[in-house]
Amino acid sequence: MTEELPGTGPEGHGNRQGRQGQQDGRGEQGNQDGQDGQDGQAPFGARLRQAMDTRGQLCVGIDPHGSLLTAWGLSDDVAGLERFTRTTVEALADRVAVLKPQSAFFERFGSRGIAVLEKAVEEARAAGALVLMDAKRGDIGSTMAAYAATYLDKDSPLFSDAVTVSPYLGFGSLRPALDAAAVSGAGVFVLALTSNPEGGEVQRATASDGRSVAQLMLDHMAAENAGVEPLGSVGAVVGATLARAGVDLAVNGPLLAPGIGAQGATPADLPGLFGAEVGNVVPSVSRGVLRHGPDISALREAARRFADEVRTAVSAS
C-alpha cells in the first residue's frame, strides 16, 4: 500500500498595476483558462492542487551534489549518480507531491547523465509524483521555443509536469514556454524573488512605472492566471530565506519556496513571509532530506518530518 505524506510576515503590498487581461477573466494571451491542455491532460495547477491536498505541500529536490554522493558512499560518476537518483525516486515518488531534479547536476555527466535524468523523470511520474524540472531556462525566440520543446512537449523524453524559467530577458520572452505548457497541461515557475543575496540587484530594482522588477513579473503571472480555478499553472519562485517579500504575491498560482532546511529557512517561517498565500506555497527542501540517505526508511522519515512541520505551520496561520 502506498503511504502518502500528510498535507501540510505580512503580505506584500505591491500595487496591482499592469495586470491587464484580468478584467475579462483571462491571462495576457488567454492561455491559462483552466481547461484541459490540447493534449488532454488536466492543467498543472489543478493537478498540483490535488496533489498538495492529498500528499501535502512538500517538494523534495533531487540535487546529486558530488559531496552528497560521497556522503552516501557512492562514487562521483555516472554509476553513483544513477544509484543516488534511483534510491531517491524509490523512497519518495509514491508519497511526496513534487520531486524537483536539478538539471545541472545531471548535465555535468554529459549524455549519460541526461539518460539518468530521463529515467528518473519517467519513474517518478509513474509513481505519482509531479516532476518539476529545475532548469531555469531563459532565452528568446526559437531558442526559447527549443527549451520549451525539451521540457514541455509530451513527446520529449525529458517532458516534465513543470519547469523553472528565468524572465529577465523580459516576461514576453517566455511566451513559447507558456504556450507549450498550455498545450500539454504543464506548468511554468518563473523566477521572481530568489534566495541568493545577489538577486536583489535586479529583482528589487525599480521599473519605469515605479514597480519593482519582481512585482512587474508577479503582475504578469497574475494576468496569466486570472480567472483560473482552482489554481493557475504559472507559478512564482520566491526564496523561503527572504526576510520579507515586500511585493504582492497573490498571483492565483503556486509559489515555489526553495531554501527550507540546509539553506536556513524553516517551515515555521512560511506564514510570515507568504501571509494569506501560504496555502499555495510549495516549500522545497533538498539536502535536509537527502543527507539522510542512502537508507530509504531514513529518507522517508525525513520527508515525513518536514511535511508534518509544513502542515502544522500552514494550519496555524
Residue that is nearest to Ser195 (Cα to Cα) [pool: residues in the range 218-250 that are part of a helix (DSSP H, G or I) and open to solvent by less than 10 Å² (accessible area, probe 1.4 Å)]: Leu218
For the range 101-182, give me every one of the helices (runs of 4 or more DSSP H) that falls completely inside it and has 3 or more residues that are at negative phi and surrounded by fewer than 16 Cβ atoms within 10 Å (Cβ to Cβ). 110-126, 141-152
Under 7 Å between Cβ atoms, at least 6 apart or on separate chains: pull out the pairs that start in the range 280-296 with a residue that is closer than 10 Å to Leu256 by Cβ and end on any residue that is modelled with pLDDT of 95 or more and in a helix (DSSP H, G or I). Val281/Leu270; Val281/Phe274; Pro283/Pro267; Pro283/Leu270; Pro283/Val310
Tell me, yes or no, whether the range 87-100 has at least one residue that is among the polar types (S, T, N, Q), open to solvent by less than 10 Å² (accessible area, probe 1.4 Å), touching a helix residue (DSSP H, G or I) at 6+ places or on another chain (Cβ under 9 Å) and under 20 Å from Ser156 (Cα atoms). no
Filter result for Ala214 (under 17 Å from Pro197 (Cα atoms), touching a helix residue (DSSP H, G or I) at 6+ places or on another chain (Cβ under 8 Å), open to solvent by less than 30 Å² (accessible area, probe 1.4 Å) and assigned to a helix (DSSP H, G or I)): yes
Please enumerate the residues belonging to the range 267-301 that are of a type outside the set (Lys, Arg) and either at positive phi or assigned to a loop (DSSP other than H, G, I, E, B) (or both). Gly275, Ser286, His292, Gly293, Pro294, Asp295
Please go through the range 259-276 and pick out each residue that is open to solvent by less than 30 Å² (accessible area, probe 1.4 Å) and closer than 19 Å to Gly45 by Cβ. Phe274
Residues satisfying the stated conditions in the range 184-198, i.e. within 19 Å of the chain's Cα centre (by Cα) and open to solvent by 10 Å² or more (accessible area, probe 1.4 Å): Leu191, Thr194, Ser195, Asn196
Out of the residues in the range 186-210 meeting the condition of being of a type in the set (Gly, Ala, Ser), assigned to a loop (DSSP other than H, G, I, E, B) and out of contact with any helix residue (DSSP H, G or I) (no Cβ under 6 Å at 6 or more places or on another chain), tell me which one is farthest from Cys59 (Cα to Cα). Ser208
Might you let me know whether the range 251-266 holds any residue that is over 30 Å from Leu74 (Cβ atoms), assigned to a helix (DSSP H, G or I) and either touching a strand residue (DSSP E or B) at 6+ places or on another chain (Cβ under 7 Å) or at pLDDT 95 or above (or both)? no
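The values are calculated or read from the model by the stated rules, or taken from the named source; none is laboratory data. Since the structure is predicted, the reported quantities are computational estimates derived from the model, not experimental observations. FYI the Cβ positions are ideal-geometry reconstructions off the backbone, even for glycines, and counts take in every protein chain you see. For accessibility, only protein heavy atoms count, side chains too; no ligands or nucleic acids. Shrake-Rupley method; radii C 1.70, N 1.55, O 1.52, S 1.80 Å.
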